[in-house]
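Novice: Once you've had a glance at the structure underneath, I'll fire off some questions.
Nothing in this text is a laboratory measurement; each read-out follows from the coordinates by a stated rule. This one's a predicted model, so the numbers in the text were calculated from it and none came from an experiment. Note: ideal-geometry Cβ built from the backbone for every residue, glycine included; neighbour counts use all protein chains shown.
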Amino acid sequence: MGQEPVETKWVGKRIVRPDGVDKVTGRANFGADMNLPGMLEAKILRSPHAHARIKKIDTSKAEALKGVHAVVTGADFPELKAASVDGGEAQVNLKDLGENLMARDKALYDGHAVAAVAATSASIANDALDLIEVEYELLPHVIDVEAAMKDDAPLLHDDMFTSGVEPQPKKPSNIAARMEFGAGDTAKGFAEADVIVERTFRTAATHQGYIEPHAAVAEWTEDGQSRIWCSSQGHFAIRSMTTALLDMEEAELRVMPAEIGGGFGGKTTIYLEPVALLLSKKSGRPIRIVMSREEVFRGSGPTSGSVVKTKIGATNDGKITAGEVELKYEAGAYAGSPAMPGCMTAFACYDIENAKVVGYDVVSNRPKCAAYRAPGAPMTAFAVESVLDEISEKIKMDPVELRMKNAAKEGTRALYGAKFKQIGFEETLKAAKDHPHYSAPLGPNQGRGIACGFWFNIGGESTANINVNPDGSVTVVSPNPDIGGSRASMVLMAAEVLGIDPEKIRITIGDTASIGYSGLTGGSRVTFAVGMAVVEAAKDVVKQLCERAAKIWEVDFEGVEWRDGAAHPASTNVGDFDPLTLGDLAAQAGKLGGTVVGASSINARGAGPGFGTHICDVEVDKETGRVDVVRYTAIQDAGKAVHPSYVEGQMQGGVAQGVGWALNEEYIYNDDGQLENPGFLDYRVPVTSDMPMIDTVIVEVPNPFHPYGVRGVGEVPIVPPLAAVANAVSHAVEKRMEQLPISPPRLLSIIDG
Amino acid sequence: MSKIHVTTSVNGEEVEYLCEAQQTMLDVLRDELGLTGTKEGCSTGDCGACSVIVDGDVVCSCLMLGAEAEGRNVETIEGLAAPDHLHPVQKQFLEHAALQCGFCTPGFLVAAKALLDRNQNPTETEIRYWLAGNLCRCTGYDKIVRAVQDAAAEMRGA
Ligand code: FES
Ligand code: FES
């Protein structure tokens, strides 16, 4: 028996977001907008070399420049300990984090920070960078993931011994980890197959591409009350990481959440905050550091480039008998690519008896990768969904039909271990088949591709406070930065429980001293998990209000029921009392025991997995190799769309990023290991004229673990587009696309054979 | 280095400032005049987050020098709304949820306003090409284009 959708009054309404007017008038304050009296500007010196030993850094000339107040290098930081620290979503290796923040013995990539200067103006700070003398001893470097895995590859870390291999190798290598899991017997499964397709797919490293560069303002105080203002996906995680690296207690640092101009995973870590705080300590002045766009590309995390070998077998009637994936992901300079989620998601859409996945996490002389929307999943989906497309061609079966026959459903045990509860994958496939787009005729040189995608979604530690004001209006305090309209969702859910108009509710994002710890804005968790905390806090408010009504009426608590924003007698037996509204009760709060404050702190479990199916039409210009996306439909199970416009927005935004990944975006390195395209001119993300309208269909199969059935939605929509676009191009040119991006020169050479 | 004295009009009001010869209009707006609604996404003319209107034309303020504003008429996001009501394009952005993080939004609104000032009946293609210099990484542009279409309709009185 499936869980039925919950009837709601406010949840599901398209209200104007509470922070909307601030954001359309330019009033909203983002990371770089903060300004403190006496504030200095800081700049970071970055290695121009892909791999070099730092023999000596002489900062004396820079320090002597008029206007310079402080210079720091790796030597100014406390010694790095081998420990792990809370990164908001996962534990982070403190030593790697610190070395990536500011190089110590070696610079490991073009763009690796080696020193920082604070001065009275940005231009003086920049001039001072030129005066810092760094003596480098150049070392051989390696960029490509497969080259980095070779026996004789230049080594980045002489203490890296591959984990996950028994016995652990005694010789160091660039392979940080190997992982493997599976089910059944793939040899037997392939023996049962009528058709087997095996191919190797490659994707380039791509950047999250948020339009706001990283920015932080820090003010050190000698009495243990330092402050940081920054745009991040989680100011609590910024606090944990910064205090761990600077040997401080968490209570000694207060982190204020600025508005955040996009993150997509890339603002879950630290690049600037400890540097700014240390410069502030040294100079005695507040410090602002704002990255340039070039620094964002060279110094902050892209996602992994990948090589994914995939082999899938199926019978002529469309049953998948076996599947294998072997993936190699670039981690950048330090261990920690999303190889594991890549492995875990590879076959998650399907119920496959015999399957095996093997993954390698590989370091090379690139910036340390950071999370990027559904980390690791788009690359394996590209491979698996491309191979399935080819199988459907070979067995002459409709590609949606093939997926339908093998779709994961309630009760399916995913290869990574979870047994799915109520999920909506089949519903998305059905909606795709029924959509007019799926059967619309194609023009000349056009092709259609479909592809599916999965993401786990997470819950986790979440808090919320709700203050009832004396006049009956309400303030919600949320602990999580709002990147895409989550304030609106929180207000809708609070309004639903309190039974009052969302107009009566205001919301603010609390800093680390104003509300209890909460995990990151990441993992598609905020509307689900923090939303649950808001619901709990609102229920707490309702409970207290009902208690007070019971007191006034001199009846039992059970005799009071909350409806439409007021306490009512639960039945006529209780007595004949006029309802007491939230406003009535708030006005008498002082007499009844003080202000009503609702609070909750939960560890939200039961995040419902999300699935999507996308349909993409492209038109190929066979003369130039240019691909235009001419029609696109994204279908996704959202469980329950709290604010449908922002759910659609997540789907459309994910599609655009995926289209960029498929067609244009890539990190390009020269022979010296320097990034050749660190700017939006040469690293070209899709612009308005590159995209068509993006049609969306929200499917709602409720998540039984959420009071309104919510599932996370932010990450799923970037999983299918790589394959949806590639499959469409493959059909348009009748050749299989194995490598992204499908840029014009690459496609031309494929067309020309 | 001596600074340059500039007299100009910003959002209809005469302002004077001193700027360095190499200082961009974007830096002047943000750092000298405290108008931080105009954003910096790249400083190389590639993202449009810094869009302002100068004498009726959309300009990347990161590519213009502060000194060049002498005697000109500069409009920024802060001047788009009247004290008691939003510009139709601001209103439609809110109605359509045409912003997620909102960082690109000031640039889009300024560029869209300049389009609507000269053409209140743009086609979808005209809107898409007019806004092609503004990057948005969050929305996929769909809702932005629709918001501009509806703002145009509102301004036509349709
Ligand atoms: S900041 Fe001016 S175009 Fe990007
Ligand atoms: S709304 Fe975030 S970049 Fe456009």
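Novice: Using bins 5 angstrom wide from zero, how does P(r) for region A:1-105 break down, in % of all Cα pairs?
Specialist: For region A:1-105, the pair-distance distribution reads 2, 7, 10, 11, 11, 12, 11, 9, 7, 6, 5, 4, 2, 1, 0.
Novice: For a Förster distance of 22 Å, can you work out the FRET efficiency between the beta-carbons of B:GLU126 and B:MET155, rounded to the nearest 0.05?
Specialist: 0.90
Novice: Within chain A, which DSSP H helices have Cα atoms that stretch 20 Å or more along the helix axis and a mean Kyte-Doolittle hydropathy of at least -0.5?
Specialist: A:377-394, A:531-553, A:644-663
Novice: Compute the label zone of B:THR44 within region A:195-212: residues whose backbone N is under 19 Å from the point 7 Å along Cα-to-Cβ.
Specialist: A:205-212
Novice: Calculate one ³J(HN,Hα) per residue across region A:469-481 by plugging θ = phi - 60° into the Karplus curve 6.51 cos²θ - 1.76 cosθ + 1.60, and present them in order as whole Hz with x for glycine and proline.
Specialist: Taking θ as phi minus 60°, the curve returns 7, x, 8, x, 7, 9, 10, 9, 10, 9, x, 10, x Hz for region A:469-481.
Novice: Full extension from A:GLU410 to A:LYS622: what is 0.36 nm times the residue separation minus their Cα-Cα distance, to one decimal in nm?
Specialist: Here the answer is 71.9 nm.
Novice: Another question, then. How would A:ILE352, A:ILE751 line up from fewest to most surrounding beta-carbon atoms within 10 angstrom?
Specialist: So the ranking, lowest neighbour count to highest, is A:ILE751, A:ILE352.
Novice: Can I ask one more? What distance in nm lies between label points placed 7 Å from Cα along the C-beta direction at A:GLU561 and A:SER121?
Specialist: Here the answer is 7.0 nm between the modelled labels.
Novice: Continuing with this model, one more query. Kindly write out, for region A:190-204 in residue order, the coupling ³J(HN,Hα) from the Karplus curve 6.51 cos²θ - 1.76 cosθ + 1.60 (θ = phi - 60°), rounded to whole Hz, with x marking Gly and Pro.
Specialist: For region A:190-204, the Karplus curve yields 5, 5, 7, 7, 8, 9, 10, 10, 9, 8, 10, 10, 10, 10, 8 Hz.
Novice: Quantify how strongly other chains surround peptide B:28-39 by giving the mean number of their Cβ atoms within 10 Å of each of its Cβ atoms.
Specialist: Mean partner shielding for this stretch: 3.
Novice: Related question: Starting from the Kirkwood Rh over alpha-carbon pairs, what translational D in µm² s⁻¹ does region A:197-277 have by Stokes-Einstein at 20 °C and 1.002 mPa s?
Specialist: 154 µm²/s
Novice: Let me ask something additional. Using the Cα atoms of region A:475-539, I'd like the radius of gyration and the largest Cα-Cα distance, Dmax, both in angstrom.
Specialist: 11.0, 30
Novice: Just check region B:88-156 against the gyration tensor rule for me: Cα atoms, a ≥ b ≥ c as the square roots of the eigenvalues, rounded for a/c under 1.5, and otherwise prolate or oblate depending on whether a/b exceeds b/c.
Specialist: It comes out prolate by the Cα gyration axes.
Novice: A follow-up question, please. Taking the Cβ of each residue in A:TYR669, A:TYR210, A:TYR136 as the centre, tally the other Cβ atoms inside 10 Å and list the residues starting with the fewest.
Specialist: Ranking A:TYR669, A:TYR210, A:TYR136 by Cβ neighbours within 10 Å, fewest first, gives A:TYR136, A:TYR669, A:TYR210.
Novice: Here's another thing I want to ask about it. Distance check, please: which entries in A:LYS106/A:LYS267; A:LYS504/B:LYS143; A:LYS188/A:LYS421; A:LYS43/A:LYS66; A:LYS319/A:LYS421 exceed 19 angstrom between their Cα atoms?
Specialist: Those over the limit are A:LYS106/A:LYS267; A:LYS504/B:LYS143; A:LYS188/A:LYS421; A:LYS319/A:LYS421.
Novice: Could you give the Stokes-Einstein D for region A:507-571 in µm² per second, using the C-alpha Kirkwood radius, 4 °C, 1.567 mPa s?
Specialist: Using the Kirkwood radius from Cα pairs, D works out to 92 µm²/s.
Novice: Show me the trypsin sites (Lys or Arg not before Pro) within region A:159-198 that DSSP assigns to loop and that have at most 16 other Cβ atoms within 10 Å of their Cβ.
Specialist: Answer by residue number: A:LYS170.
Novice: Can you list the aspartates and glutamates whose alpha carbon sits under 15 Å from that of B:LYS39, skipping same-chain ones fewer than 8 residues off?
Specialist: A:ASP22, A:ASP33, A:GLU212, A:GLU259, B:ASP27, B:ASP31, B:GLU75, B:GLU78
Novice: Please report the relative contact order for chain A, taking Cα pairs under 8 Å with a sequence separation of at least 6, and give it as a percent rounded to a whole number.
Specialist: RCO, chain A: 16 percent.
Novice: Helix B:105-118 versus the longest principal axis of chain B: what angle, 0 to 90°, nearest 10, using Cα atoms?
Specialist: Tilt relative to chain B: about 80 degrees.
Novice: Ok, one more. Note down, for chain A, the three equivalent ellipsoid semi-axes (square root of 5 times each alpha carbon gyration tensor eigenvalue), biggest first, whole angstrom.
Specialist: Listed largest to smallest, the semi-axes of chain A are 42, 38, 22 Å.
Novice: Please compute the length gained on full extension between A:ASP158 and A:LYS591, using 0.36 nm multiplied by the number of residues separating them and subtracting their Cα-Cα distance.
Specialist: That pair, A:ASP158 and A:LYS591, stretches by 149.0 nm at full extension.
Novice: Over all directions, average the projected area of the Cα convex hull of region B:4-79 and note it in nm².
Specialist: The number I arrive at for region B:4-79 is 4.2 nm².
Novice: Which translational diffusion coefficient, to the nearest whole µm²/s, is obtained for region A:422-577 from the Stokes-Einstein equation, given a Kirkwood hydrodynamic radius over C-alpha pairs, 37 °C and 0.692 mPa s?
Specialist: Translational D for this selection: 174 µm²/s.
Novice: Using just the alpha carbons, could you tell me how many Å³ per residue the convex hull of region A:49-201 encloses?
Specialist: Enclosed volume per residue, from the Cα hull, is 199 Å³.
Novice: On to the next question. Where in region A:504-547 is the amide nitrogen less than 16 Å from a point lying 7 Å along the Cα-to-Cβ axis of A:ASP471?
Specialist: Hits in region A:504-547 for A:ASP471 at 16 Å: A:504-507.
Novice: I would also like to ask the following. So, by mean Cβ neighbours within 10 angstrom, what's the order for B:120-126, B:49-55, A:200-206, A:608-614 with the highest one leading?
Specialist: The peptides rank, most packed first, as A:608-614, B:49-55, A:200-206, B:120-126.
Novice: Output the Kirkwood hydrodynamic radius of region A:249-344, Cα pairs only, in Å rounded to one decimal.
Specialist: Result for region A:249-344 stands at 17.7 Å.
Novice: List the lysines whose alpha-carbon lies under 21 Å from that of A:LYS170, not counting same-chain residues fewer than 8 positions away?
Specialist: Filter leaves A:LYS150.
Novice: Any idea what % of Cα-Cα pairs in region A:156-239 are farther than 19 Å?
Specialist: 74 percent
Novice: Next up: Around A:VAL701, which amide H atoms from residues at least 5 apart in sequence, or from another chain, sit under 5 Å from its own amide H, with H modelled in the peptide plane?
Specialist: Amide H neighbours of A:VAL701: A:ALA638, A:GLY639.
Novice: How much of the DSSP bridge set in chain A is antiparallel, in percent, rounded to the nearest 5?
Specialist: 75 percent
Novice: Would you order A:TRP10, A:TRP553, A:TRP455 from fewest to most other beta-carbon atoms within 10 Å of each residue's own beta-carbon?
Specialist: So the residues, fewest neighbours to most, are A:TRP553, A:TRP10, A:TRP455.
Novice: Within a 10 angstrom radius of each residue's Cβ in A:256-263, how many Cβ atoms of other chains show up on average? Whole number is fine.
Specialist: Shielding by partners across A:256-263 averages 4.
Novice: Next question, about the same structure. Return the average number of partner chain Cβ atoms within 10 angstrom of each residue Cβ along peptide A:10-21.
Specialist: Mean shielding by partner chains, rounded to a whole number: 3.
Novice: Determine the shape class of chain B: with a ≥ b ≥ c the square roots of the Cα gyration tensor eigenvalues, call it rounded for a/c under 1.5, and otherwise prolate if a/b is greater than b/c, oblate otherwise.
Specialist: prolate
Novice: In the structure displayed, which of A:LYS9/A:LYS430; B:LYS3/B:LYS113; A:LYS23/A:LYS282; A:LYS328/A:LYS405; A:LYS95/A:LYS409 lie more than 31 Å apart, Cα to Cα?
Specialist: B:LYS3/B:LYS113; A:LYS23/A:LYS282; A:LYS95/A:LYS409
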